[in-house]
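Worksheet for the structure shown next.
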Amino acid sequence: MNKLELSLGCCNYDRTKAIFDGRVQMEGCTLIPLALEPEEIFHRAFRGQEFDICEMSLSSHTLNVARGTSNYVAVPAFLSRAFRHSGIYVRAVSGIRTPADLKGKKVGIPEYQITANVWIRGMLLDEYGVRAQDIRWRRGGLEQPGRRERSPISLPEGIEVQQIPDDTTLARQLDSGELDAVFGAKAPSCFLNGSGRVVRLFPDYREQEQDYFRKTRIFPTMHVVGIRKSLVDKHPWLPVSVFKGFIEAKKLAMEELSQVGHLAVTLPWSVAELEATKKLMGEDFWSYGLADNRHVLDTFTRYHHEQGISPRRVQAEELFYGPALELAKN
């Protein structure tokens, strides 16, 4: 049987590096890997289904599954995960000192439905009693003007989302005081420039995120791996082959990270950090698969529906290709 020649769009993380450099081969496939930033991958995959296999936004995928409009099936390889207490940026003079102070404030977001912001809003509700309806949302590009929702959404009454003018950005409006805060996966330039006009709501975000994990056992999932649905219809073995490849690549990354004799990353105490993380979060802290992440995904799909993004509550099993969920752990 000839191997399928397939395109792959995803970031070249440590946990995907072995796929890019050829140490991991996906059974039955010859890959053409493209190392791209997530925003570009998501845009190209959503607009034109350009990739055979690609990294996908968990939020966009959940929305498409709820609507029955997905062009990709997914496997539970969570290429991106991140705690999001660090993703809330506020003006230093805004009077926002606690999450409750966000009520009634103008908060900028690149998109209402991006995964990072679903997690932030859910965390604010569950942990601090701040509802999506309590905030006045302003949408636009963080550093480049004109960004809008990747997929049109219809939000319930009581949730105010307004587009900022196309000649400005969230970072510019936060710096000038037109916005009180910005939520997102990336730090705005007005924070990074060190002016002091913009600060994090949680300056001790590492401690806050560790406490959040101790309480909830949630390490938020951000991205999954999608395979073009039309290919899966012709080659039903493909998703399992893809999933196994990503599992093996992550395994190699973790082995490299634990090497104390020759450090895999440019940090002097990376092995000590790995050991401390395992002590807090467990041996397989960056787990793939549904079983070990059901509570995380159930929380996310609840948030997604509660916030008015998906028209119905999606069950975790619906997000993934069924046979991939039955893989034995190695």
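Take the Cα of residue 67, step 7 Å along the line toward its Cβ, and report every residue of region 150-182 whose backbone nitrogen sits under 14 Å from that point.
Those under the cut-off are 150-155.
Mean Kyte-Doolittle of at least -1.0 and a Cα length of 24 Å or more along the axis: which whole DSSP H helices of the chain meet both?
Going by DSSP H runs, the hits are 238-257.
Run the accessible area of region 186-236 with a 1.4 Å probe and give the carbon-and-sulfur part as a rounded percent.
Carbon and sulfur atoms account for 50 percent of the accessible area of region 186-236.
What nm distance separates the two modelled labels at residue 217 and residue 2, each placed 7 Å from Cα along Cα→Cβ?
4.9 nm
Starting from the Cα-Cα distance between residue 134 and residue 273, subtract it from 0.36 nm times their residue separation and give me the gain in nm to one decimal. If you can, show how the numbers build up before the last one.
Numbers: separation 139, 0.36 × 139 = 50.04 nm, distance 3.78 nm.
Taking 0.36 nm per residue and subtracting the Cα distance, the gain is 46.3 nm.
For the chain, modelled as a GNM with alpha-carbon contacts under 10 angstrom, which of 70, 195, 287 fluctuates the most?
Looking only at 70, 195, 287, the biggest GNM fluctuation is shown by 195.
Per residue, how much accessible area does region 171-330 have with a 1.4 Å probe, in Å²?
Value for region 171-330: 51 Å² per residue.
Ignoring ligands, DNA and RNA, please state the percent of accessible area on region 45-164 from carbon and sulfur, probe 1.4 Å. Walk me through the numbers on the way to the answer.
Details: 1840 of 4230 Å².
In region 45-164, the share of accessible area belonging to carbon and sulfur is 43 percent.
Can you give the net charge of the other residues whose Cβ lies under 12 Å from the Cβ of residue 24, counting K and R as +1 and D and E as -1?
+3
Quick one: length gained pulling residue 285 to residue 234 fully straight, 0.36 nm per residue minus the C-alpha distance?
Answer, rounded to one decimal: 14.9 nm.
From the helices alone, meaning DSSP H stretches of at least four residues, give me the mean residue ellipticity at 222 nm for the chain, per-run term -39500 (n - 2.57), in deg cm²/dmol to the nearest 500.
-10000 deg cm²/dmol
What accessible area per residue, rounded to a whole number of Å², is obtained for region 36-81 using a probe radius of 1.4 Å? The partial results should precede the final answer.
Numbers: 1460 Å² over 46 residues.
On a per-residue basis, region 36-81 sits at 32 Å².
Using r as the Cβ-Cβ distance of residue 186 and residue 153, and R0 as 25 Å, what FRET efficiency do you calculate, to the nearest 0.05?
0.75
Using 1/(1 + (r/R0)^6) with R0 = 35 angstrom and r between the beta carbons of residue 256 and residue 39, what's the FRET efficiency to the nearest 0.05?
The formula returns an efficiency of 0.80 here.
Mind jotting down the distance between the C-alpha centroids of region 239-254 and region 260-291, whole Å?
About 17 Å separates the Cα centre of region 260-291 from the one of region 239-254.
Could you tell me which GluC sites (Glu not before Pro) in region 164-229 are loop residues by DSSP with no more than 16 other beta carbons within 10 angstrom of their beta carbon?
When the GluC sites (Glu not before Pro) of region 164-229 are filtered for loop state and at most 16 Cβ neighbours within 10 Å, 178 remain.
Using a Gaussian network model on the chain with a 10 Å cutoff between Cα atoms, which of 269, 237, 137 fluctuates the most?
Between 269, 237, 137, it is 269 that shows the largest mean-square fluctuation.
Please report the net charge: other residues with Cβ closer than 15 Å to the Cβ of residue 193, K and R +1, D and E -1. Don't skip to the end; give the middle numbers.
Numbers: positive: 91, 172, 186, 197, 200; negative: 143, 175.
Around residue 193, the charge tally is +3.
Please work out the average accessible area per residue across region 114-169, using the 1.4 Å probe convention, and give it in Å².
Solvent-accessible surface per residue comes out at 46 Å².
The values are calculated or read from the model by the stated rules, or taken from the named source; none is laboratory data. Since we're looking at a predicted model, the values are computed, not measured. Positions of Cβ are backbone-derived with ideal geometry, glycine not excepted, and every protein chain shown enters the neighbour counts. What goes into the accessible areas is simple: the full protein's heavy atoms, side chains included, and nothing from ligands, DNA or RNA. Shrake-Rupley method; radii C 1.70, N 1.55, O 1.52, S 1.80 Å.
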